[in-house]
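Q: Structure below; questions to follow.
The values are calculated or read from the model by the stated rules, or taken from the named source; none is laboratory data. Predicted, not measured: the structure shown is a model, and the values here were computed from it. Don't worry about glycine lacking a Cβ; one is built from the backbone with ideal geometry, like all the others, and counts go over all protein chains shown. Accessible surface is based on the protein model in full, side chains and every heavy atom, while ligands, DNA and RNA are left aside. Shrake-Rupley method; radii C 1.70, N 1.55, O 1.52, S 1.80 Å.
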Amino acid sequence: MTATIAPGNAPAARTVPEPAVRRAGILRWSGYGVLLVVVLGFSVGAPAFLTSGNVSTILAQASVYAIAGTGFTFVVATGGDDVLRGGIDLSVGATAGLAGTVVAVLAAAGTGTLAALAAGLGAALAVGAVNGAVVVAGLRPLLATLATMGVASSLDLVISSNVKTPLDGALYDYLREGSVAGVPASVALLIVVALVATWALHKTSWGVNSFATGDSATAARVAGLPVARYTWTSYVLCSGLAGVAGILLASRLSASVPGIGTQILLDIILVSTMSAVFSSRLLVSVPGTVLSAVFVAALSNGLTLLGVASQWVGAAKGVLILVVLAAVALRGRKSS
Amino acid sequence: MTKAFGPTEVLHGVDLAVGAGEVVALVGENGAGKSTLIKILTGLYTPDGGSVRMDGAAVEIGRPQDAERLGIHVIHQERHQAGRLSVGEQLYLGLPTGSSAWRSRRATARRAERDIFEATGQRVPGRALISELTVAQRQLVQITRAVLARPRVLILDEPTAPLSAEEVDQLFATLGTLRAAGVGIVYISHYLQEVTRVADRVEVLRNGANAGSVDLTSTSQADAAARIVELMVGGAVEEFEEGVPAVVPDTAPALVADGVALGGVLEPLDLAVHPGEIVGVTGLVGSGVEAVADLLTRARRGPGTVRLHGRRVRDVSAFVAARGAYVPADRREDGVLGNHSVAQNLSAAMLGRLGRWPGLLSPSAERRAAREMVSRLDVRPASTAALAGTLSGGNQQKVVLGRWLAAGSTVLVLDQPTSGVDIASRAQIYATLRALAATGAALVVVTVDLEELVGLVDRALVLHRGAVAAELSRERLSIDTVLAIASGGKDTPVDSGLREPTESQEVPA
């Protein structure tokens, strides 16, 4: 056992390997590449696509998904991207819907704007606090949040009595039609959220610690990080941003629509998990989430402009998304 | 400082005391309770009894954060690291010095490179991801992190396993600096010559209890090593049975490799292994020996052909289908199914034969087969329901071996079969391998452990710079000869990345 030719791969320790970040070369940009090709394709096929008015429309449509997706990205970063065991929050859509409904119902009952907003966001944060607590307690996130999703969407129906509630008011109208320096208000809100979230997740040690927790909870624990706190915070942030997105959605639609949470859930998960496409490490990111949301919104918009029958939009969208994901899978194989 | 623990399932009132500026080595066979003790000290496990005191005051270590706060840092054997973090990010993870907002990735990477160089004398690219590093590089990152944390107590669990001799020297120099600065160091290792080199005192654990301690400041290295082995095995060392004399059978070879090669690493290699034979392949690190097992089993494809019982195999699943078995070097990652029971692990390769009908599994048949194998291989704990991931390294290796035994494999390729495995388990594994050969299996053992090579195999190929430099029959096999050939000349018998043999160690032959 002792006359041993030094085991392991020692000589490699003295050579400096090129990080795969650079080795991946052209494939690193595959996500952006596909995005560019699609945009170019649409702008050639439909001259109206790249007009400033249409771009504003796309961005405004994307803002709801981007904001909720950003929250979801916190959960995936901190919980890991394994769908079964990792970070996932299936209640994100229902929470958004619940927040919109609470605000609309209270506004319709004559409650002040601030109080209505506080109640709506409070409801969302409460869902997040419960999500975080049960996940920290050791329940599988996929099942636990499926359960809270049921509760939240049911509450949504109860509070709204299962009817559309119109949402009027200065703030909501502003979110729908207002603009800041020529930028639609919803887009401005998205920009603020995205900047703060990017800073928090990608520029601070809190963010690095979150990613470390998601990559290997044991590694984080061994490094002395309070894993449970990071996990809980990520769920609260996710629900909080879902609440913001839900209120924005209700404002854009001028009404809260019962059950809308279930409709937007999968697109939120999509834009967040697809953000890994834009990362050299195949990790989710906030800028990637925003780009994905814009991509998905641009797809629907562009396909409609091209005159694709609405029944076919979903199929075309799905195929294009598969193309993007395939490009990434290819890259993952090349660089591993 | 005193740390004491009451009885847990695996620890029965173990005491351990470390003074400031003292290096205490903790040794014991796998399963003796070393890792459990460490996990308690770092808050990963909660003790069922006992107490930890620092500077005379009792302290509570409920979570890893508590240990970090108290200045207890660990270099874990498993290298718990987040693969998709960069070197810089992982290095400063959780350290107060690492928390600055608006950090620039490039600056972090540069700082990490500098810190790693200062702590270990090696260069590791700071921007690379942890998953892109070699095992040795990951270990260097872990060592640096522990040094940066300014520990009061530093615990190292098998720190040198992935390191080269030069890196080991550097690590010992670093430990010397820390010791001079008053850090208490607990050093866990299977390599007794390392232990006697680095430690002031050796604490021996056996079966979850203190077996005794050896003061190294007043004992000569050779005497100390002999005494340690005695304490570890609990009395006189068991005599290992003599190897069966080599009989090269004149039957048709079971495994024939023809021109197997890997560009830039391994030149074309020919090998024929007959039923009943154990053939060793060895060489220095970097000689291409690391790639041999992967290439022979076609886990890694390359030029050349591999035939099993005359049938050509093109990939590892064909290899297994042809009654081949591969026991890879990294059993934690490639060998056992950690979250499955011992029984499930054992039956993974023979599911087809366990049920009455094809595709249907008979749990009772699975249990029966597993029970038989567990007792045959002396897996501890002797439970077929235990999760394989919870077993010690030596017992995991027995399970991997048992799986292929159960499957009736006739050609086995083993890569470093006993790295990180304690002496007693080694002896059992060797006995099992010999028994296998005696029943007509053909075995290839790729190893850099020369005592293992000399004690186990019937003949050996020695690689030098990617080519077979010699083929030695059992009579000509000796550590000196192999060292001389592997290092590129009969006249230079030692060194160049080789660890010296300790005289005290029994040759498990």
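Q: Run B:ARG312 past the list (1) under 28 Å from B:VAL454 (Cβ atoms); (2) at pLDDT 90 or above and report the number of the one that doesn't hold.
A: (1)
Q: In the set B:ALA165, B:ALA211, which member is open to solvent by 20 Å² or more (accessible area, probe 1.4 Å), within 14 Å of chain A (Cβ to nearest Cβ) and either under 18 Å from B:LYS34 (Cβ atoms) or touching a Leu at 6+ places or on another chain (Cβ under 9 Å) (or both)?
A: Just a single option satisfies the conditions, and that option is B:ALA165.
Q: When you go through (1) within 18 Å of B:ASP115 (Cβ to Cβ); (2) more than 14 Å from chain A (Cβ to nearest Cβ) one by one for B:ALA180, which number turns out not to apply?
A: So B:ALA180 meets the others, but not (1).
Q: Let me ask something additional. For the structure I just gave you, tell me whether B:GLN122 is facing chain A (nearest Cβ under 9 Å), of a type outside the set (Lys, Arg), open to solvent by less than 50 Å² (accessible area, probe 1.4 Å) and over 20 Å from A:GLY214 (Cβ atoms).
A: When the stated conditions are applied, B:GLN122 passes them.
Q: Where residues in region B:26-67 are part of a helix (DSSP H, G or I) and touching a helix residue (DSSP H, G or I) at 6+ places or on another chain (Cβ under 9 Å), which of them is most open to solvent (accessible area, probe 1.4 Å)?
A: The residue in question is B:GLN65.
Q: Ok, one more. If I ask for residues that are more than 9 Å from chain B (Cβ to nearest Cβ), touching a residue at least 60 places away in the same chain (Cβ under 8 Å) and open to solvent by 30 Å² or more (accessible area, probe 1.4 Å), which ones from region A:195-216 would you list?
A: Passing the criteria: A:THR198, A:HIS202.
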